[in-house]
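S.K.: Handing you this structure, nothing more for now.
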Amino acid sequence: MSSYKPKVLVVDDEARFRETLIKLLNTKLIEATGAESGMEAIEKITENKYDVILLDVRMPGMTGIEALAKIKKIDPLLEVIILTGHASVDTAIEIMKHGGCEYLLKPCPVDELTARIDAAYERKVTRTKVKAKTP
Amino acid sequence: MKENFSGRSRFVNYLVPLCLFAASWPVGRTGGALYALGALILAGLSFFLFRHLVHQINQAEQRSCELDEQLIQSQKLAAIGELSSGIAHEINNPLAIIGQEVEWLRHLFETSTLQEEKDRGEFSDSLKQISSQVDRCRDITHKLLNFARKMDPVMQAVELNRLIDDMAALVEKEAKLNNINIIREFQKDLPLVTSDPPFLRQVILNLLNNATYAIEANGTITISTKDNKDGRVEIAVADTGRGIPKEHLKKIFDPFFTTKPPGKGTGLGLSICHGIIQRVGGTISVISQLDRGTTFTIRLPIAP
Ligand SMILES: Nc1ncnc2c1ncn2[C@@H]1O[C@H](COP(=O)(O)OP(=O)(O)OP(=O)(O)O)[C@@H](O)[C@H]1O
Ligand SMILES: [Mg+2]
């Protein structure tokens, strides 16, 4: 566990937000890469293995909610943390419907984000183990 | 509401003499007194019944008035809710970037002496980002405040053609650089319009800015004015730009709806236009064809 770095995909349409967050997460021993849209995120998820997805809600093209539904279909064990500037209750309810994800409001200090990512990663590890044991 | 109310009480005023008249109707010599008494009781009864009814209707009306009030209030709250979550979103994003840049600066400070070219470059890059994100927040708050401050229009006589011409001249120089022509098709003897000039200037400017953005380069914007001969004048701003997809048409007047990349547009332009035009008693509408162009049409009352 100590040598393994959680793999994180940062999905956000703001280039600068993505880039700096990736740099910061990398200093916190998290292996982060970026995707600028829901479409790109889905492509990357089908091709590579990730542990945690950080997902923005308001993006042009596919919204985060739509992406979330598709991501959960591709890999139900993937942990998703919604990281958004949008405080709408409706969105939160919509997200709850898709289950199994956290909701964080921007701006969020990187330390807190790192803690959430670590927790999400551990959840994923446990769930994967449970799933492997059940026949 | 008041009109209705007085209308009904006038009805009551007619009823009283009518009842008295009915009661005093001659019903023959024999048993006349009895009939008269019966008629009087009937008239009295119907009078009280009627008054009771009127009272109930009034009460119901008052209740529905209160309901209306509540509805307006809850609509207002909903609008505030929607607006504030929009503002929160638009401000939280630049704030998030600022926060991260600060953390990155701190990281640079802790891990390097900032002697190397690369570190210095990153340092100044972060500072630049912070300042541009502050600009972005300021743009939003200033636009909102500008709009909020001037709640009530100050009406005065406006020479629309001249006002529009001024605004066209303002964007013309930059438009020419991108080979965008602005054509004026003004009706010559357009009547003076009573309206709020600074408000109207802002609307025309927003529409012209949107039009140039939609064209990008090589195209025309046609601004026309005409007297509709129905107490209204019409201003049309037509562009040969990219057009608006059908699914966006109903959203373009919503605050914060924008298709511009993050940080490039507030999405407030058209919602401010809509708000202004409503306040000066006009209407604004749009027709658009994808890849062909878009026309915004404003109709303004000549006298408010
Ligand atoms: N003339 C036009 N042609 C094509 N699309 C338009 C036109 N005018 C507006 N739109 C669409 O409507 C959206 C909202 O316009 P609005 O003026 O409210 O905000 P904006 O232009 O995006 O941002 P800002 O006004 O702050 O620069 C635009 O992003 C664009 O998609
Ligand atoms: Mg605009």
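The values are calculated or read from the model by the stated rules, or taken from the named source; none is laboratory data. Values in this document were obtained by computation on a predicted structure and should not be read as measured data. Positions of Cβ are backbone-derived with ideal geometry, glycine not excepted, and every protein chain shown enters the neighbour counts.
S.K.: Within segment B:258-285, track down each residue that is surrounded by 15 or more Cβ atoms within 10 Å (Cβ to Cβ), under 17 Å from the mean Cα position of the chain (by Cα) and more than 10 Å from ligand 2 (Cβ to nearest atom).
M.R.: B:H274, B:G275, B:I276, B:I277, B:R279, B:V280, B:G281, B:G282, B:I284
S.K.: What single numbered condition from (1) out of contact with any helix residue (DSSP H, G or I) (no Cβ under 7 Å at 6 or more places or on another chain); (2) under 27 Å from B:S132 (Cα atoms); (3) at pLDDT 95 or above; (4) not basic (K, R) fails to hold for A:P60?
M.R.: Of (1) out of contact with any helix residue (DSSP H, G or I) (no Cβ under 7 Å at 6 or more places or on another chain); (2) under 27 Å from B:S132 (Cα atoms); (3) at pLDDT 95 or above; (4) not basic (K, R), only one is false for A:P60: (3).
S.K.: Let me ask something else. Would you confirm, using the coordinates I've provided, whether B:N206 is within 16 Å of ligand 2 (Cβ to nearest atom), buried (at least 16 other Cβ atoms within 10 Å of the Cβ) and under 22 Å from the mean Cα position of the chain (by Cα)?
M.R.: Judged against the criteria, B:N206 is a match.
S.K.: To continue, here is another question. Of all the residues that make up segment B:129-153, how many are at pLDDT below 90 and within 14 Å of another protein chain (Cβ to nearest Cβ)?
M.R.: Final tally of qualifying residues: 1.
S.K.: Tally time: how many residues in segment B:85-142 are assigned to a helix (DSSP H, G or I) and over 39 Å from the mean Cα position of the chain (by Cα)?
M.R.: Of the residues in that region, 18 qualify.
S.K.: Let me ask something else about it. Take segment A:1-13 and flag every residue that is surrounded by fewer than 21 Cβ atoms within 10 Å (Cβ to Cβ) and either within 14 Å of chain B (Cβ to nearest Cβ) or at pLDDT below 95 (or both).
M.R.: Scanning segment A:1-13 gives A:M1, A:S2, A:S3, A:Y4, A:K5, A:D13.
S.K.: Also, I was wondering about something else. Taking the condition more than 9 Å from ligand 1 (Cβ to nearest atom) and either closer than 30 Å to A:T63 by Cα or not assigned by TED's automatic domain parsing to the domain that holds B:N178 (or both), does B:I223 pass?
M.R.: So B:I223 fails the test.
S.K.: Further, regarding this structure: Restricting attention to segment A:117-134, does a residue exist that is in a loop (DSSP other than H, G, I, E, B) and touching a residue at least 12 places away in the same chain (Cβ under 8 Å)?
M.R.: Checked against the condition, which is being in a loop (DSSP other than H, G, I, E, B) and touching a residue at least 12 places away in the same chain (Cβ under 8 Å), segment A:117-134 yields no hits at all.
S.K.: Whether any residue in segment A:63-76 is in contact (Cβ under 8 Å) with a residue 60 or more places away in the chain and within 11 Å of the chain's Cα centre (by Cα) is what I want to check.
M.R.: No, segment A:63-76 has no match at all.
S.K.: Separate question: From B:R8, B:R51, which residue is of a type in the set (K, R) and modelled with pLDDT under 70?
M.R.: That would be B:R8, the only listed residue that is of a type in the set (K, R) and modelled with pLDDT under 70.
S.K.: Now a separate question. Among all residue pairs at least 6 apart or on different chains, which show Cβ distances below 9 Å where the first residue, located in segment B:262-273, is at pLDDT below 90 and of a type in the set (K, R) and the second is within 6 Å of ligand 1 (Cβ to nearest atom) and in a loop (DSSP other than H, G, I, E, B)?
M.R.: Listed pairs, sorted by first residue: B:K264/B:T258.
S.K.: For A:A67, indicate whether it is surrounded by 17 or more Cβ atoms within 10 Å (Cβ to Cβ), part of a helix (DSSP H, G or I) and among the small types (G, A, S).
M.R.: Spelling it out, A:A67 is indeed surrounded by 17 or more Cβ atoms within 10 Å (Cβ to Cβ), part of a helix (DSSP H, G or I) and among the small types (G, A, S).
S.K.: What residue, among those in segment B:262-287 that are touching a Pro at 6+ places or on another chain (Cβ under 8 Å) and within 14 Å of chain A (Cβ to nearest Cβ), is nearest to ligand 1 (Cβ to nearest atom)?
M.R.: Checking each candidate, the answer is B:G267.
S.K.: Kindly indicate whether any position in segment A:84-96 is part of a strand (DSSP E or B) and modelled with pLDDT under 90.
M.R.: The answer is yes; a qualifying residue exists.
S.K.: Separate question: Mind listing whichever residues of segment B:227-255 are touching an Asp or Glu at 6+ places or on another chain (Cβ under 6 Å) and either under 30 Å from B:A157 (Cα atoms) or among the hydrophobic types (A, V, I, L, M, F, W, C) (or both)?
M.R.: B:N228, B:V233
S.K.: Can you go through A:E102, A:E122, A:E112 and tell me which one is more than 14 Å from every other protein chain (Cβ to nearest Cβ) and either over 12 Å from the mean Cα position of the chain (by Cα) or within 15 Å of A:R18 (Cα to Cα) (or both)?
M.R.: A:E122
S.K.: Of all residues in segment B:54-77, which are exposed (fewer than 12 other Cβ atoms within 10 Å of the Cβ) and modelled with pLDDT of 75 or more?
M.R.: B:H55, B:Q56, B:Q59, listed by residue number.
S.K.: Kindly indicate whether B:L160 is in the same structural domain as B:R279 (by TED's automatic domain parsing), more than 16 Å from ligand 1 (Cβ to nearest atom) and either within 36 Å of the chain's Cα centre (by Cα) or closer than 30 Å to B:E185 by Cα (or both).
M.R.: yes
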